[in-house]
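Reviewing the structure listed below.
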Amino acid sequence: MSRKEGNAVGRVVRSRKIWIGIGLFLLGILIPYWLKPQLIGLDQLLQTMNQKTDGSALMVNAFLIVSINTIISIPQFLSVVMLGDGMADAFNRSVFRTIIPLTVVPLAYVIVNLVTPLNYSFGATDIFLWLSIVVMQKLSKQKLNMGMKLLVFSQLIFGVAWLNQVPFLTPYGFGLGSLSIRIKQVAIQIGFDQVLSLYANVLFFIFVASAITLWIYLILYMEKWAISQDLHRAQLEANESRSGREVLHLVHDLKTPLSTIEGLVSLMDMRWTDPKMQEYCQTIYGSVNSMSKMVSEILYEDRKNWCELKELIDYIRASRLSGTNSVVDIELEGEAKLSLFINKIRLTRAIINLIDNALDAIQERENGTVILRAIALKNAVEIEVEDNGCGISANDIRRIWKTGFSTKNHPGVGLAFVRKVAEGHEGSVNIKSEVGQGTKVWITLPRGECQ
């Protein structure tokens, strides 16, 4: 098995949609078996209607049959939608959204007929439903979640199921199941077939129109919501950009007093012969020089310098943990003096974002721990932040890198910034998380030898 195929199989195993689809498929097969006594009793009731010309009882029984067929069909059709979506996502092929319904729904009917004494026919009604659901899936472009699909498809299935009770549609493949055939025969015998047809057609149009209207409304609502999210992200990016420009102007203004301090210290160093005062001047001069480099790294994203790994970890510790009660375990594995060509300020900001997220995640844990770990590999360095907090769901993991998305009441720009910084250093950032178990995020950076 190739690596690509192995990854696809792994995605299939981890896909929540596929497992939900399998569960719904099994439920759709078991429901007819569980309802078997009631169905058989209803069939017997229909057999006794030959001696009674009671149209009201006939309509009630028709309603019960449609309701039972709807209850049976909903999990079957939802299962193929979930299975199709899951397989399409796992193998990155949209054709599964068509192939799965085409093959799985008939299979479900075959299995149901094997486990129940009644005949459930896969006829024109089911084909009509299948085509409707496939078309709605394609047009909705995966904008609706499972709850929304359940609302729409339930009404659609209930409405279309009434076509099985229209006597003149029987030759065209509608209502070939044993219960539907029986109730239409009774309706014809008691002269109630036209009323039943009118009743069924009216309900068909009402519920199908309602399903289509709800489907259009939900799509428009989700599109509006997506646009509002895009606008929100754009606003966040604009605010961040504006704040960044203001900071850059402020930092740029710092260069003038730093230059003045540097010049005055040089003059003091030349005029004072006292060794102690010259030592103080050299200390001030070194601090000014370090601050000047920091200002340059803040001003220019591409400005990088060689920095030892231990120096970076110490700088992170001083920047984030100094003066706080937060406890972060720090582990340094490998060469402490290996060199990285980095923008120390921006990389520190990125790692501090990860530490802040980890500390938030363990707030409600009695034994919550956060570990900052630096691992020296052969050609790279991994800087990890790991916690044993609440974890992140698989659905949220796919969205956390987008600007504007946050699982907390935060602006939602932190992890997007972390990825930007990692990629700016020709590196990458990855995450592994399990709900209730914790989260590990690591930045991988290329290593080099200081020139």
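The values are calculated or read from the model by the stated rules, or taken from the named source; none is laboratory data. This one's a predicted model, so the numbers in the text were calculated from it and none came from an experiment. Please note: Cβ atoms are built from the backbone with ideal geometry, for glycine as well, and neighbour counts cover all protein chains shown. Accessible surface is based on the protein model in full, side chains and every heavy atom, while ligands, DNA and RNA are left aside. Shrake-Rupley method; radii C 1.70, N 1.55, O 1.52, S 1.80 Å.
Of all residues in the stretch 145-172, those being in a loop (DSSP other than H, G, I, E, B) and surrounded by fewer than 17 Cβ atoms within 10 Å (Cβ to Cβ) number 1. Does any residue in the stretch 92-113 that is over 11 Å from SER79 (Cβ atoms) come within less than 6 Å, Cβ to Cβ, of a residue that is of a type outside the set (D, E, K, R) and not in a helix (DSSP H, G or I) six or more places away or on a different chain, and which pairs are these? Partner pairs satisfying both residue conditions: PRO106/PHE122; TYR109/TYR120; TYR109/PHE122; VAL112/TYR120; ASN113/TYR120. Inside the stretch 363-382, residues that are closer than 14 Å to LYS440 by Cα and not in a strand (DSSP E or B) make up a count of 2. The set of residues in the stretch 381-419 that are modelled with pLDDT of 80 or more, over 21 Å from ARG349 (Cβ atoms) and open to solvent by 60 Å² or more (accessible area, probe 1.4 Å) contains only CYS390.
Within the stretch 173-186, the set of residues being on the phi < 0 side of the Ramachandran plot and not in a helix (DSSP H, G or I) comprises PHE174, LEU176, GLY177. The set of residues from the stretch 272-286 being open to solvent by 60 Å² or more (accessible area, probe 1.4 Å), part of a helix (DSSP H, G or I) and at pLDDT 75 or above comprises PRO275, LYS276, GLN278, GLU279, TYR280, GLN282, THR283, ILE284.
When VAL112 is tested against (1) open to solvent by 10 Å² or more (accessible area, probe 1.4 Å); (2) among the hydrophobic types (A, V, I, L, M, F, W, C); (3) at pLDDT below 75, only condition (1) is not met. Contact map, the stretch 363-384: residues that are under 18 Å from GLY427 (Cα atoms) and of a type outside the set (A, V, I, L, M, F, W, C) paired with residues that are open to solvent by less than 90 Å² (accessible area, probe 1.4 Å) and outside any strand (DSSP E or B), Cβ distance under 9 Å, separation 6+ or inter-chain. Pairs shown: LYS378/ARG447; ASN379/ARG447; GLU384/LEU354. The residues of the stretch 185-209 that are under 47 Å from the mean Cα position of the chain (by Cα) and surrounded by 16 or more Cβ atoms within 10 Å (Cβ to Cβ), listed by number, are LEU196, SER197, TYR199, ALA200, LEU203, PHE204, PHE207, VAL208.
Checking LEU359, LEU347, LEU354 one by one, the residue that is closer than 13 Å to TYR315 by Cβ and open to solvent by less than 30 Å² (accessible area, probe 1.4 Å) is LEU347 and no other. Does the stretch 228-245 include one or more residues that are exposed (fewer than 13 other Cβ atoms within 10 Å of the Cβ), under 30 Å from ARG419 (Cα atoms) and at pLDDT 75 or above? Yes, the stretch 228-245 contains a residue that is exposed (fewer than 13 other Cβ atoms within 10 Å of the Cβ), under 30 Å from ARG419 (Cα atoms) and at pLDDT 75 or above.
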